[in-house]
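Structure first, then comments.
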Amino acid sequence: MSGAPLSVAAACELLLAEARVTESEPVPLAECLGRVCAEPVRADAPLPGFDNSAMDGYAVRSADLADGATPLRIVGESRAGVPAAVAVGAGEAARISTGAAIPAGADAVVPVEQAREQDGAVVAEAAPVEAGAFVRRAGEDLEAGAVALAAGTRVGAAELGVLAGVGVPAVVCARRPRLVVLTGGDELLAPGEPAAPGQIFDSNRFSLVAMAREAGAEASYGGGMPDTLEQTRAAIEARLDADLLVLCGGVSVGRHDHVKEALAELGVEQLFWRVALRPGAPTWGGVLRRPGARPTLVFGLPGNPVSAQVTFRLFVAPALLATSGHDPEPRRTTAILGEDTRGLPGRDVYLRCRLEPGPDGWHALPTSERQGSHILTSMLGADCLAVIPAGSGELAAGERVEVLPL
Ligand code: AMP
Ligand code: MG
């Protein structure tokens, strides 16, 4: 069942083929941040909803000013929220505020800065005035019925602005995928627990749950998996109802690594084990299929903290995005390698890098000389992984490489 290591892309493809988008549910606007639209959101009404003024000034008829400045009699006022009660007729104007409706009859605005008032009339100093000057047209931002947000859009600040702007009270979103993290190993301690010889603090339970939340999951820590087959199996079995189950540690070839065997006993189908990459080679991916129910995607990530975070980013995050109806790999790009490096035969290397702007574009600089998979601090300040493809040999600083944002 082991087989040859797969490429990262091939392993990802197997996982994505099993990902099923969660059910949709209406979500009130105030709770939409970070959620993914399950359906296109349309504007019921045009945005702006009516022709309105871009400036504080006077609403006029441009035809009155075609031949230059003429005093126009002020007949009323249109304020933001309080339209003028009267129409603007020939030879007339109305005072108007920014955002106020253009009164009937008027077709242009003369800004206060370009006008002078005297004896109940206004003179436009910058006449003639073009029809439509300083008028914001109804529907110029969104026509009525237009798609404001496409299905699959993650709602951020800009999206919330648009949704609120078109008066949408709630959005149909994919349910946040439920993701549970279990960490395995008799050496692991919770913060504050006294350390016996050989014990370490469990860092992955925090970093992985955090990464899952950042990627939009309803994520929780589901407990530990002690290093026996029975306890590992029991811990996993209790959490198989998650949409995504992330098991960290115990997935390699050590005598006390029981995760793969426990999963086999529980009927979780292996999609792959071992990927041609560093860090993170022993990564395992699989699925529990249940008739009539949603499948659970199961991940066995290596316990080394950097491997755990890198493989979460490479395999779990895309599957999580796909499960919430989002594009699984939204922002691949390239950057200029900031240091000489060398590739490895037969596996891709993912370097933790910080992006720095240069005159020729973004440069990817390794965050640490120590790129060992146990060097937790090498993740500090890392905002991308630079991909050094298998068999690259020597790569000189200045070469362009693919980068995955973290
Ligand atoms: P494993 O994948 O279980 O073989 O563990 C590989 C290395 O990662 C060992 O040095 C473990 O002590 C360490 N490790 C495993 N799980 C965690 C964890 N949750 N937090 C920090 N280090 C861990
Ligand atoms: Mg272990």
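Where a number appears in this text, it was derived from the coordinates with a stated rule and is not lab data. Only a predicted model underlies this, so the values are computations on that prediction, with no experimental measurement involved. Because the Cβ atoms are built from the backbone with ideal geometry, glycine has one as well, and the counts that use them run over all protein chains shown.
Values computed for the structure shown
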{"quantity": "Checking residue 291 against (1) surrounded by fewer than 22 Cβ atoms within 10 Å (Cβ to Cβ); (2) of a type outside the set (Gly, Ala, Ser); (3) assigned to a strand (DSSP E or B), the condition it does not meet", "calculated": "(3)"}
{"quantity": "Positions within the range 127-139 being in contact with an Asp or Glu (Cβ under 9 Å, 6 or more places away or on another chain) and over 22 Å from residue 80 (Cα atoms), in sequence order", "calculated": "127, 128, 129"}
{"quantity": "Candidates 168, 172, 181, filtered to the one that is surrounded by 15 or more Cβ atoms within 10 Å (Cβ to Cβ) and within 16 Å of ligand 1 (Cβ to nearest atom)", "calculated": "181"}
{"quantity": "Residue, nearest to ligand 2 (Cβ to nearest atom), within the range 219-267, restricted to residues that are aliphatic (A, V, I, L, M) and assigned to a loop (DSSP other than H, G, I, E, B)", "calculated": "251"}
{"quantity": "Residue match in the range 230-242 (condition: touching a helix residue (DSSP H, G or I) at 6+ places or on another chain (Cβ under 7 Å), touching a residue at least 40 places away in the same chain (Cβ under 8 Å) and closer than 18 Å to residue 314 by Cα)", "calculated": "no"}
{"quantity": "Filter result for the condition that a residue is within 16 Å of ligand 1 (Cβ to nearest atom), surrounded by fewer than 20 Cβ atoms within 10 Å (Cβ to Cβ) and farther than 15 Å from residue 297 by Cα, over 230, 261, 265", "calculated": "261"}
{"quantity": "Strands (runs of 3 or more DSSP E) within the range 35-114 that include 2 or more residues over 26 Å from residue 141 (Cα atoms) and in contact (Cβ under 8 Å) with a residue 12 or more places away in the chain", "calculated": "71-78, 92-96"}
{"quantity": "All positions within the range 144-165 that are surrounded by fewer than 15 Cβ atoms within 10 Å (Cβ to Cβ) and touching a helix residue (DSSP H, G or I) at 6+ places or on another chain (Cβ under 9 Å)", "calculated": "164"}
{"quantity": "Residue within the range 268-277 that is under 27 Å from residue 344 (Cβ atoms), in contact with a strand residue (DSSP E or B) (Cβ under 7 Å, 6 or more places away or on another chain) and within 11 Å of ligand 1 (Cβ to nearest atom) present", "calculated": "no"}
{"quantity": "Selection from the range 339-373 of residues that are within 24 Å of the chain's Cα centre (by Cα) and in a loop (DSSP other than H, G, I, E, B)", "calculated": "367"}
{"quantity": "Residue match in the range 299-309 (condition: closer than 20 Å to residue 385 by Cα, assigned to a helix (DSSP H, G or I) and more than 16 Å from ligand 2 (Cβ to nearest atom))", "calculated": "yes"}
{"quantity": "Residue within the range 172-192 that is basic (Lys, Arg), within 30 Å of residue 252 (Cβ to Cβ) and touching a residue at least 12 places away in the same chain (Cβ under 8 Å) present", "calculated": "yes"}
{"quantity": "Residues of the range 374-406 satisfying the condition of being outside any loop (DSSP other than H, G, I, E, B) and in contact with a Gly (Cβ under 6 Å, 6 or more places away or on another chain)", "calculated": "388"}
{"quantity": "Within the range 186-226, tally of residues that are within 10 Å of ligand 1 (Cβ to nearest atom) and either aliphatic (A, V, I, L, M) or buried (at least 20 other Cβ atoms within 10 Å of the Cβ) (or both)", "calculated": "9"}
{"quantity": "Filter result (within 16 Å of ligand 2 (Cβ to nearest atom) and either among the aliphatic types (A, V, I, L, M) or part of a helix (DSSP H, G or I) (or both)) within the range 197-216", "calculated": "200, 204, 205, 208"}
{"quantity": "Hey, residue 306 within 16 Å of ligand 1 (Cβ to nearest atom), touching a strand residue (DSSP E or B) at 6+ places or on another chain (Cβ under 8 Å) and more than 12 Å from residue 246 (Cβ to Cβ) or not", "calculated": "yes"}
{"quantity": "Verdict on residue 162 being assigned to a strand (DSSP E or B) and not acidic (Asp, Glu)", "calculated": "no"}
{"quantity": "Residue count for the range 115-126, restricted to those that are touching a Phe, Trp or Tyr at 6+ places or on another chain (Cβ under 6 Å) and free of Cβ contacts under 8 Å to residues at least 12 places away in the same chain", "calculated": "0"}
{"quantity": "Extreme residue, surrounded by the most Cβ atoms within 10 Å (Cβ to Cβ), among residues of the range 276-288 that are of a type in the set (A, V, I, L, M, F, W, C), under 23 Å from residue 204 (Cα atoms) and touching a residue at least 40 places away in the same chain (Cβ under 8 Å)", "calculated": "277"}
